[in-house]
Amino acid sequence: MLPVHPRPRRAFTLIELLVVIAIIAILIGLLLPAVQKVREAAARAKCSNNLKQWAIAMHSYHDVNGRLPWGGASSPVRISWVPPTWPYVEQQALAGRYNYNAGFYQAPNGGPTKSTNNLVCAQVPTYYCPSDRGSPAYWEGDPYYRARANYVVNWGNTTDPGPSNQGAYAPFGYTNGSSTPRNAKLTDFSDGTSNTLLMSEVILPPDALYDIRGDVINNDRGCFSFMTINTPNSSVPDTLHYWAKNTDPMMPSVSGTNGQNAARSRHTGGVNAAMGDGSIRFFSNSVPLTVWQRMGTMNGGEVIPNF
């Protein structure tokens with residue numbers, strides 16, 4: 001019997017191999033946008049949940065104290081809205097160690113200088129939108145380091161400082177335009193809590209950059225707030241009292257004494273925002289400016305159209 005020799009297998013030619021690689025590359029190219037959309041949807045949902053927790057914290061603080069927290073105050077001590085709301089976002093340990101009779105930069109709250117090992121540098125998970133760079137994020141523009149955060153309160157259609165004779169105003173601000181914090185109550189929302197912005201987002205600059213956006217522990221001008229003067233992610237530069245050139249095209253800015261910051265995020269097409277009733281909405285960058293400004297005040301008497 002003659003031996004049977006198996007027929008040798010024909011190897012892939014170079015052209016066939018290149019065709020297979022090209023097909024795989026096309027499939028990956030088709031898949032990546034879908035994966036990115038899923039990731040962004042998840043990040044936006046997580047961001048919404050963070051804002052929801054802050055909105056609930058604002059309401060819980062109101063239930064206990066009969067008013068919303070001050071956006072920021074310089075007397076009797078320097079403080080922003082953040083430390084007073086810690087107990088309501090499951091940060092009782094931080095609140096228990098914080099000395100509310102001392103400024104945010106003073107021991108035991110802040111210091112030693114140029115150190116991230118202090119109370120106000122704590123990286124609270126609900127500070128950070130997952131679409132942005134996330135934790136760790138610090139203000140290191142001066143020796144008193146502290147945490148940065150993405151979530152800020154609504155300052156309305158005015159600058160910081162601004163005029164003292166506003167007829168309509170936001171939940172957070174100064175009654176005299178520059179120093180006396182507003183004691184806003186939910187009963188003051190004559191436009192309706194569901195029609196009034198409470199909080200939204202900003203994008204975080206690099207730690208060492210002298211750019212005050214997201215410096216939420218600080219009570220100074222524009223550090224912890226956003227304004228509705230411009231629509232979300234506006235191409236109009238933010239005006240910063242504490243300013244350094246930022247090359248990020250999503251964060252245009254100029255130097256100025258009367259600060260104003262637009263709501264900004266790295267979400268596709270808009271920003272998340274918490275309303276006065278605690279609900280969370282996503283606002284497109286193309287929201288009409290008149291509508292955005294009307295929702296920036298709590299007692300303007302304006303009608304908010306459907307859009």
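Scanning region 258-287 for residues being without any contact (Cβ under 8 Å) to a residue 24 or more places away in the chain and part of a loop (DSSP other than H, G, I, E, B) gives a total of 1. I229 fulfils the conditions (1) crowded, with 21+ Cβ neighbours inside 10 Å; (2) hydrophobic (A, V, I, L, M, F, W, C); (3) closer than 22 Å to A147 by Cβ except for a single criterion, (3).
If you go through region 191-208, how many residues are out of contact with any Phe, Trp or Tyr (no Cβ under 7 Å at 6 or more places or on another chain), outside any strand (DSSP E or B) and surrounded by 15 or more Cβ atoms within 10 Å (Cβ to Cβ)?
The qualifying residues number 7.
Yes/no matrix, rows are residues, columns are (1) in contact (Cβ under 8 Å) with a residue 12 or more places away in the chain; (2) farther than 26 Å from A244 by Cα; (3) part of a strand (DSSP E or B):
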residue: T85; (1), (2), (3): yes, yes, no
residue: N99; (1), (2), (3): no, yes, no
residue: A102; (1), (2), (3): yes, yes, no
residue: A107; (1), (2), (3): no, yes, no
residue: T116; (1), (2), (3): yes, no, no
residue: P130; (1), (2), (3): yes, no, no
residue: G134; (1), (2), (3): no, no, no
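Inspect region 33-49 for any residue being assigned to a loop (DSSP other than H, G, I, E, B), modelled with pLDDT of 95 or more and of a type in the set (A, V, I, L, M, F, W, C) and give the result as yes or no. Checked against the condition, which is being assigned to a loop (DSSP other than H, G, I, E, B), modelled with pLDDT of 95 or more and of a type in the set (A, V, I, L, M, F, W, C), region 33-49 yields no hits at all.
Just the residues that are farther than 24 Å from P288 by Cβ and at pLDDT 95 or above, please, taken from region 221-242. The answer is C223, F224, L240. Applying the condition of being buried (at least 20 other Cβ atoms within 10 Å of the Cβ) and touching a helix residue (DSSP H, G or I) at 6+ places or on another chain (Cβ under 7 Å) to region 61-82 and asking which residue is nearest to S179 (Cα to Cα) yields P69. If you go through region 247-271 and pick out every residue that is of a type in the set (D, E, K, R) and crowded, with 16+ Cβ neighbours inside 10 Å, you end up with 2. The set of residues in region 88-97 being free of Cβ contacts under 8 Å to residues at least 24 places away in the same chain and surrounded by 15 or more Cβ atoms within 10 Å (Cβ to Cβ) consists of A95 alone. When only residues in region 136-190 that are among the charged types (D, E, K, R) and surrounded by 22 or more Cβ atoms within 10 Å (Cβ to Cβ) count, which is nearest to P108 (Cα to Cα)? Among those that are among the charged types (D, E, K, R) and surrounded by 22 or more Cβ atoms within 10 Å (Cβ to Cβ), it is R146.
Scanning region 195-204 for residues that are of a type in the set (D, E), farther than 23 Å from P130 by Cβ and touching a Ser or Thr at 6+ places or on another chain (Cβ under 7 Å) turns up nothing.
Can you tell me how many residues within region 272-298 are within 19 Å of D160 (Cβ to Cβ) and either surrounded by fewer than 23 Cβ atoms within 10 Å (Cβ to Cβ) or touching a strand residue (DSSP E or B) at 6+ places or on another chain (Cβ under 8 Å) (or both)?
We begin by selecting, within region 272-298, every residue within 19 Å of D160 (Cβ to Cβ); these are 273, 292-293, 295-298.
Then keep just the ones that are either surrounded by fewer than 23 Cβ atoms within 10 Å (Cβ to Cβ) or touching a strand residue (DSSP E or B) at 6+ places or on another chain (Cβ under 8 Å) (or both); that gives 273, 292-293, 295-296.
Residues flagged as within 19 Å of D160 (Cβ to Cβ) and either surrounded by fewer than 23 Cβ atoms within 10 Å (Cβ to Cβ) or touching a strand residue (DSSP E or B) at 6+ places or on another chain (Cβ under 8 Å) (or both) within region 272-298 amount to 5.
The values are calculated or read from the model by the stated rules, or taken from the named source; none is laboratory data. Source: prediction; values computed, not measured. Counting neighbours? That spans all protein chains shown, and the Cβs are built from the backbone with ideal geometry, glycine included.
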